Structure formats: C-alpha cells, structure tokens
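Engineer: Before I ask anything, here is the structure I am working with.
The values are calculated or read from the model by the stated rules, or taken from the named source; none is laboratory data. These numbers come from a predicted model, not from an experiment. Cβ placement follows ideal geometry from the backbone for every residue including glycine, while neighbour counts extend to all protein chains displayed. Remember, those area values only see protein heavy atoms, side chains included, never the ligands or the DNA or RNA. Shrake-Rupley method; radii C 1.70, N 1.55, O 1.52, S 1.80 Å.
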Amino acid sequence: MKSVYRNHVYPHKVTTKDFTEGFKKKLIEDRTLVSENPFIVGETREILLDGIKVNMRSGKINPPLSIDVAHDFPFLKIHFEIEGSSIYTPNNDKSVVVAIPGGHYNFFFLPEVNGTLRYDKPRRETLEILFTKDYLKRVFGTSFKKECSEFGIALEQNLPFLMWENSKPITPQLHNIINEIITCDFEGGLKKAYLESKITEILAIFFNRLKNKEIKYPEGICEEDYLKIIHAETILREHIKNPFTIAQLAMVSGVNQFKLKKHFKIVFGKPIFSYVTNLRMEKAKSLIVDEGFTIAEAADEIGYKNPQHFTVAFKKVYNFLPSSLKKD
C-alpha cells in the first residue's frame with residue numbers, strides 16, 4: 001500500500017509513504033513525524049494498529065496550500081477537522097468532493113484516490129482514522145451490511161460514499177472521545193485495546209445516527225440553535241489566544257447573548273468563561289508536555305501576558321502547578 005504526495009509549488013518534490021497491506025500490525029506502532037518547511041511547520045503523530053491508522057496533526061500552514069495526492073488502495077476514513085479546513089477535489093469519477101471546515105467531521109469511502117487537497121487556513125489540528133474494509137467487518141461481524149446501512153452497500157459494491165453530504169459539526173460527545181484518544185497515555189497492549197475501544201465507540205455513534213436518521217437535540221434547543229452553539233464553540237477553539245467577548249461571540253454566531261449563555265451551558269456543561277479557561281489550560285498543558293515549551297512561553301501562546309496569572313489559573317483547573325509538568 002502506497003501514498004504519494006506532490007506540492008504544487010515544488011512539483012518535482014514527491015513524498016511517498018509505504019504501509020503494510022491492510023495496515024496489519026501485530027504490535028502497536030507509535031511515531032511522531034516533524035515537518036518544517038516554508039509551507040508546513042508542525043507534527044503528525046502516527047499510530048498503527050491492526051487494520052487501523054490514526055493520524056493526529058497539529059501545525060501551521062502558509063495558505064493557500066495545494067497538494068496532489070494519490071493512494072493505491074481503497075480509502076476509508078473518519079476525518080475530524082478540529083481547526084482549519086480541508087477540501088479534496090478528485091481527478092476521477094471513483095471519488096467525490098470531500099469538504100470539511102473547521103469544527104466539523106465526516107466519514108467517507110473512496111475506491112480510488114487521485115486528486116488535490118487544498119488547505120485555506122493558517123493553522124490545522126486534526127484527528128484522522130483510516131480503516132480497511134476487513135476491519136469494519138471484524139467490528140460488526142455477520143451484521144455488517146445491516147448495521148452499516150447504505151455505507152455497507154457502497155463498500156460491498158466499491159462505490160464512493162460520504163456518510164453526510166455536508167460535513168457535521170463536532171458534538172461535545174465526540175469532542176470528549178477525540179480528547180481521550182489524543183491524550184491517551186497507556187502503553188503497549190493497553191494502549192491498543194483502549195484506542196480500539198474508542199474508535200469502536202465512534203463507529204457505533206456514526207452508524208446508529210445513519211440508521212436512525214433522526215438526531216436528538218438537548219431539551220428546549222432546536223436544531224438551528226444547537227448548530228449555532230456548536231459554531232460558537234468552534235470559534236472559541238480557533239481564538240484561544242484572544243478569546244471573543246460574549247457580545248462578539250453572540251454576533252458572529254447569530255444568537256442573542258441570553259440564549260448563547262443559557263444554551264452553551266446546557267450543551268457543553270460549563271459556562272462560556274469556564275469552558276474557555278479549560279480550553280486554554282489544555283492547550284498550555286499540551287505545549288509544555290508535548291512540545292517542550294517553558295511555562296512563560298506556554299502562557300504567552302494562550303494569551304496570558306503574566307506567567308503568574310497563568311500559573312494561578314492552571315492550578316485552579318488541575319489542582320497542581322504547571323511547573324510539576326517539567327521533567328527534571
């Protein structure tokens with residue numbers, strides 16, 4: 001199995017990645033790849049399980065960036081675009097356009113991949129989960145076609161399929177699972193079992209939604225208002241360093257301030273201010289632990305000019321000081 005990438009600016013430079021057939025691995029493999037060039041600066045954490053490939057991407061981009069991509073294997077993927085945007089445009093009739101804006105997700109099957117990926121935002125954070133057909137059949141067993149509905153039929157007939165024509169906003173439930181996958185600190189067999197259980201949980205949510213069609217929204221919140229609250233949360237994630245005021249957030253999300261504050265707490269379980277503080281502390285913790293930032297650098301990156309103020313806020317959230325994250 002092989003993937004080939006070619007940057008439009010430097011078409012003579014080709015990146016090729018080879019994988020074992022069916023992503024088969026007896027043992028879990030976890031590695032981090034670093035990109036540092038004029039177009040992309042960031043990291044991709046790549047985890048290979050048995051029949052699954054998980055990519056966690058985080059970095060800065062010099063947009064707009066276009067990359068030609070081709071895979072010599074059927075492409076079955078869950079894609080969470082936590083921040084940024086991604087648009088795939090095919091060069092053949094065995095694929096479909098896949099557009100996923102920031103804060104959205106989709107699940108799709110492309111029998112052949114030969115087209116162009118375009119990124120229009122200066123920063124991207126994603127969780128991408130690639131499967132094989134055999135893996136899905138292992139998960140669902142003999143009820144594969146029944147449980148997978150139209151998706152299962154498309155897989156059997158080798159037809160391109162988008163689970164949702166328009167990518168869906170990432171719900172609080174999915175955000176929690178995504179965070180559990182990204183922050184998993186188990187090792188070896190425990191990590192493999194844990195990640196597979198979380199991926200199975202995501203699949204169950206997706207296919208249940210596909211079968212039932214009807215989405216249940218929190219009591220007292222209609223679909224239109226629910227989507228506005230999800231959009232507001234996406235805006236907060238994209239502006240962690242300089243958070244919007246309630247008035248600004250209400251204006252850009254299209255909902256009045258009273259309804260915004262009330263419904264946000266219902267959907268996300270916290271007032272907006274507390275939620276933003278948690279987002280900022282999660283980001284700072286990741287910068288310190290995973291990227292080696294100093295406490296002052298992490299504080300500045302999330303918008304705290306005074307490291308002492310950051311330390312106080314961090315301790316309120318985690319009940320320990322950020323300095324305890326630094327290894328001796």
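Engineer: Restricting to segment 260-271, count the residues that are without any contact (Cβ under 8 Å) to a residue 40 or more places away in the chain and closer than 18 Å to I170 by Cβ. Walk me through it before giving the result.
Structural biologist: Applying the first criterion (without any contact (Cβ under 8 Å) to a residue 40 or more places away in the chain) to segment 260-271 yields 260-262, 264-265, 270-271.
Next, from what is left, pick out any that are closer than 18 Å to I170 by Cβ: 264, 270.
Of the residues in segment 260-271, 2 are without any contact (Cβ under 8 Å) to a residue 40 or more places away in the chain and closer than 18 Å to I170 by Cβ.
Each row is one residue, and each column tells you yes or no for (1) assigned to a strand (DSSP E or B); (2) hydroxyl-bearing (S, T, Y); (3) open to solvent by less than 30 Å² (accessible area, probe 1.4 Å); (4) within 20 Å of R209 (Cβ to Cβ).
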{"residue": "F80", "(1), (2), (3), (4)": "yes, no, yes, yes"}
{"residue": "T89", "(1), (2), (3), (4)": "yes, yes, no, no"}
{"residue": "D93", "(1), (2), (3), (4)": "no, no, no, no"}
{"residue": "A99", "(1), (2), (3), (4)": "yes, no, no, yes"}
{"residue": "K121", "(1), (2), (3), (4)": "no, no, no, no"}
{"residue": "R124", "(1), (2), (3), (4)": "yes, no, yes, no"}
{"residue": "I129", "(1), (2), (3), (4)": "yes, no, yes, yes"}
{"residue": "D134", "(1), (2), (3), (4)": "no, no, no, no"}
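Engineer: Here's a follow-up. I'm trying to understand the selection: among the residues of segment 303-313, which are closer than 21 Å to L236 by Cβ, open to solvent by less than 50 Å² (accessible area, probe 1.4 Å) and either in contact (Cβ under 8 Å) with a residue 40 or more places away in the chain or not small (G, A, S) (or both)?
Structural biologist: Hits for segment 303-313 are G303, Y304, F310.
Engineer: Among the residues of segment 288-328, write down those that are aliphatic (A, V, I, L, M), part of a loop (DSSP other than H, G, I, E, B) and over 20 Å from R57 (Cβ atoms).
Structural biologist: The one that is aliphatic (A, V, I, L, M), part of a loop (DSSP other than H, G, I, E, B) and over 20 Å from R57 (Cβ atoms): L321.
Engineer: Step by step: first the residues of segment 1-28, then only those that are under 24 Å from the mean Cα position of the chain (by Cα) and of a type in the set (K, R), then the one that is most open to solvent (accessible area, probe 1.4 Å). Which residue is that?
Structural biologist: For segment 1-28, the residue satisfying everything is K24.
Engineer: Going by the conditions given, is K25 in contact with a strand residue (DSSP E or B) (Cβ under 8 Å, 6 or more places away or on another chain) and not in a strand (DSSP E or B)?
Structural biologist: Numbers: in contact with a strand residue (DSSP E or B) (Cβ under 8 Å, 6 or more places away or on another chain): yes; not in a strand (DSSP E or B): yes.
Considered against the rule, which asks whether it is in contact with a strand residue (DSSP E or B) (Cβ under 8 Å, 6 or more places away or on another chain) and not in a strand (DSSP E or B), K25 comes out as yes.
Engineer: Let me ask something additional. Can we say D50 is surrounded by 13 or more Cβ atoms within 10 Å (Cβ to Cβ) and either more than 28 Å from P111 (Cβ to Cβ) or of a type in the set (D, E) (or both)? Steps first, please.
Structural biologist: Working: surrounded by 13 or more Cβ atoms within 10 Å (Cβ to Cβ): yes; either more than 28 Å from P111 (Cβ to Cβ) or of a type in the set (D, E) (or both): yes.
Yes, satisfied.
Engineer: Only one of (1) touching a residue at least 40 places away in the same chain (Cβ under 8 Å); (2) surrounded by fewer than 17 Cβ atoms within 10 Å (Cβ to Cβ); (3) assigned to a helix (DSSP H, G or I); (4) of a type in the set (D, E, K, R) fails for K285. Which number is that?
Structural biologist: Answer for K285: the failing condition is (2).
Engineer: Here's another thing I want to ask about it. For segment 150-259, which helices (runs of 4 or more DSSP H) that fit wholly inside it have 2 or more residues that are open to solvent by less than 40 Å² (accessible area, probe 1.4 Å) and either touching a strand residue (DSSP E or B) at 6+ places or on another chain (Cβ under 8 Å) or free of Cβ contacts under 8 Å to residues at least 12 places away in the same chain (or both)? Write out each step before concluding.
Structural biologist: Details: elements: 172-182, 188-212, 223-238, 246-253.
It comes to 172-182, 188-212, 223-238.
Engineer: Filter segment 314-328 for residues that are more than 15 Å from I288 (Cα to Cα) and of a type outside the set (K, R); which is surrounded by the most Cβ atoms within 10 Å (Cβ to Cβ)? Walk me through it before giving the result.
Structural biologist: Of segment 314-328, the ones more than 15 Å from I288 (Cα to Cα) are 316-317, 319.
Next, from what is left, pick out any that are of a type outside the set (K, R): 317, 319.
Numbers: V317: 15, N319: 7.
Per the stated criteria, the residue is V317.
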